[in-house]
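This report refers to the structure that appears directly beneath it.
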Amino acid sequence: MIKAVKGTRDILPPSSTLWNRVEAVTREVFRVYNYQEIRTPILEETALFARGVGEETDIVSKEMYTFDDRDGSSLTLRPEATASVMRAYIEHHLDQKPGLQKLYYIGPMFRRERPQKGRFRQFYQIGAEAIGSESPAVDAEVIEMVIDLLQRAGLAGFHLLINSVGDQNCRPQYVALLKEKLREVVSRLCGDCQRRAETNPLRVLDCKVPEDQPIINALPSIQDHLCEPCLAHFGAVRAHLDDRGISYEVRSRMVRGLDYYMRTTFEIVHGSLGAQNSVLGGGRYDGLAESLGSRVHSPGIGFSIGEDRLVMSLEQTATVAEDPLVIVTFTAGEATQRAATSTAAELRAEGIRVEVAEGKLKRVFEIANKLNARVAVICGENETATGDISIKDMESQVQVQLRRELLVEKVKECLSKYL
């Protein structure tokens, strides 16, 4: 038997109902914050991620699905979407449009990671990018939107972490200092950190190995080495969050895993996910456009939500209420079948969820109970001959026969207690 590839999975009902609800809430939040959807290809040139994300990141060096196309070009299944969005932004000259460009996306990403709770090799992200402003007020609004989105989706008990990772002026000096201090302790760190200590020392700060934490906590903090502009920017972001009543924790060791981040970075964590407890992460990437070849300075900030992790957290607390179901039944015969088809179409035109079933009433009612149908509409021979219709409330077991023109009114009345 052929099964799903390791690290991938099928999303089945009723879980898919919660996925759809999350995405519907997401689209509504993006609408009210004036973000518009962008859909980028799943396949991109490998160079996009090597230049944008960083060749020494774990994503590029170990996790990407990369292959040679028939023409010899190197292609990669996108491991994240910010670089793709920025590529599209540059390619289609969105920098020439007036105002801030506010874009969102929903879709699958691919990384060859070790599968574990909430982490898959094909995973889904919900993300947004606000491109064209360096203002700390934009940072705060993006974070506010994230909080709004999670709350509307029904997530509670999450925690916002923020930090500043400096810019091209102050971060190189901090990285040099960090490298120097790491040389003194590198032999006591895990294998990944020993490699990162030379190739990408900031990533050492993001290590999750428990035994490494006391050593990492003793390393210099970037908060003590920010230049004045970065300090002022971070102070303004915090002030805007305070004004909005958004609580947060400054986590000076939080650097995120992508090279393009600078200044503001943030994560939201949730206790239901265990060690890999991050629901989403984001940050500012003011130099990304230039690293991808743009001649226009296009500062931006964005985030991505791990939709798999968000849904997993919600499944432990959220109750997903499906729209109430109406079952339309008919006995054998062309006339009753046409009546049932017409009845179902009329109800569906009113936005009512309908299933059509043929058979004896006893059997159909058994099916209706298994499907948790709230109302049964009976198109029998007698009803069809007289132009009437029978409606049964499956909870109260009350059945009435009435003129067909009263169908929609009566069904809506029966369903009103479930809406």
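The values are calculated or read from the model by the stated rules, or taken from the named source; none is laboratory data. What you are looking at is a predicted structure, and each value in this text was computed from that prediction instead of being measured. Don't worry about glycine lacking a Cβ; one is built from the backbone with ideal geometry, like all the others, and counts go over all protein chains shown. With ligands, DNA and RNA removed, areas are computed over all heavy atoms of the protein, side chains included. Shrake-Rupley method; radii C 1.70, N 1.55, O 1.52, S 1.80 Å.
Cα axis of helix 136-153 to longest principal axis of the chain: angle in degrees, 0 to 90, nearest 10?
Once rounded, the angle reads 30 degrees.
Taking the Cα atoms only, what angle lies between the long axis of helix 334-349 and the longest principal axis of the chain, rounded to 10 degrees?
Its long axis makes an angle of about 40 degrees.
Express the C-alpha Rg of the chain as a ratio against the empirical globular expectation 2.2 N^0.38 Å, rounded to two decimals. Show your work: numbers first, answer last.
Working: Rg = 27.5 Å, N = 419, 2.2 N^0.38 = 21.8 Å.
Output field value: 1.26.
Within the set 3/62; 62/97; 362/410; 360/417, which residue pairs have Cα atoms separated by over 31 Å? Don't jump to the answer; show the numbers that get you there.
Values: 3/62 25 Å; 62/97 37 Å; 362/410 22 Å; 360/417 28 Å.
Over 31 Å Cα-Cα: 62/97.
When the helices in the chain are scored as -39500 (n - 2.57) per DSSP H run of 4 or longer and the sum is shared across all residues, what 222 nm value do you end up with, to the nearest 500 deg cm²/dmol?
Details: 14 runs with 149 residues, N = 419.
Rounded to the nearest 500, it is -10500 deg cm²/dmol.
Counting only DSSP beta bridges with both residues in the chain, what percent are antiparallel, rounded to the nearest 5?
Antiparallel: roughly 75 percent of the beta bridges in the chain.
Of the candidates 373, 83, 176, which one comes out as most mobile in a Gaussian network treatment of the chain with C-alpha springs shorter than 10 Å?
Of the options given, 373 has the highest mean-square fluctuation.
Using R₀ = 35 Å, calculate the FRET efficiency as 1/(1 + (r/R₀)^6) where r is the Cβ-Cβ separation of residue 63 and residue 180; round to 0.05. Write out the running numbers ahead of the final one.
Values: r = 29 Å, r/R0 = 0.83.
So, using R0 = 35 Å, E works out to roughly 0.75.
Of all accessible surface on the range 156-200 at a 1.4 Å probe, what whole percent is carbon and sulfur? Walk me through the numbers on the way to the answer.
Values: 1070 of 2220 Å².
Carbon-and-sulfur percentage of accessible area, whole number: 48.
Students often check this: by mean Cβ neighbours within 10 Å, which of 277-286, 100-109, 361-370, 340-349 ranks highest, and how do the rest follow? Kindly include the intermediate steps, with their values, before the conclusion.
Values: 277-286: 23.1, 100-109: 19.3, 361-370: 14.3, 340-349: 16.8.
Highest-to-lowest ranking by the protection proxy: 277-286, 100-109, 340-349, 361-370.
Do any GluC sites (Glu not before Pro) in the range 65-145 lie in a loop, going by DSSP, with at most 12 other beta-carbon atoms within 10 Å of their beta carbon, and if so which?
Working: sites: 80, 91, 113, 129, 134, 141, 144; in loops: 80, 113, 134.
Sites meeting the loop and neighbour criteria: none at all.
How big, in percent, is the set of alpha carbon pairs in the range 1-124 lying more than 19 Å apart?
Values: 4555 of 7626 pairs.
Roughly 60 percent, rounded to a whole number.
How many Å² of accessible area per residue for the range 97-239, probe 1.4 Å?
Numbers: 6180 Å² over 143 residues.
With the other protein chains kept in place, the range 97-239 gives 43 Å² per residue.
Under the classification rounded if a/c is under 1.5, otherwise prolate if a/b is larger than b/c and oblate if not, where does the range 13-82 fall, given a ≥ b ≥ c as square roots of the Cα gyration tensor eigenvalues?
Numbers: a/c = 2.41, a/b = 2.02, b/c = 1.19.
It comes out prolate by the Cα gyration axes.
What dipole magnitude, in Debye to the nearest 20, does the chain give about its Cα centre under +1 on Lys/Arg Cβ and -1 on Asp/Glu Cβ? Provide the component values of the computation, followed by the final result.
Numbers: 53 positive and 59 negative charges, 181 e Å.
Once rounded to the nearest 20, the dipole reads 880 debye.
Quickly rank 229-236, 247-254, 160-167 as a protection proxy: mean count of other C-beta atoms within 10 Å, highest first. Walk me through the intermediate numbers first.
Details: 229-236: 17.0, 247-254: 15.1, 160-167: 22.2.
Output ranking for 229-236, 247-254, 160-167: 160-167, 229-236, 247-254.
Would you work out which of 96, 18, 82 lies farthest towards the positive end of the dipole of the chain? Charges go on Cβ: Lys and Arg +1, Asp and Glu -1.
Looking along the dipole axis, the top candidate is 18.
If you consider only alpha-carbon coordinates, what radius of gyration and Dmax does the range 122-257 have, in Å?
Rg then Dmax for the range 122-257, in Å: 16.9, 47.
Under 17 Å from a point placed 7 Å out from the Cα of residue 211 along the Cα-to-Cβ direction: which residues of the range 169-204 have their backbone N that close?
Within reach of a label on residue 211: 185-196.
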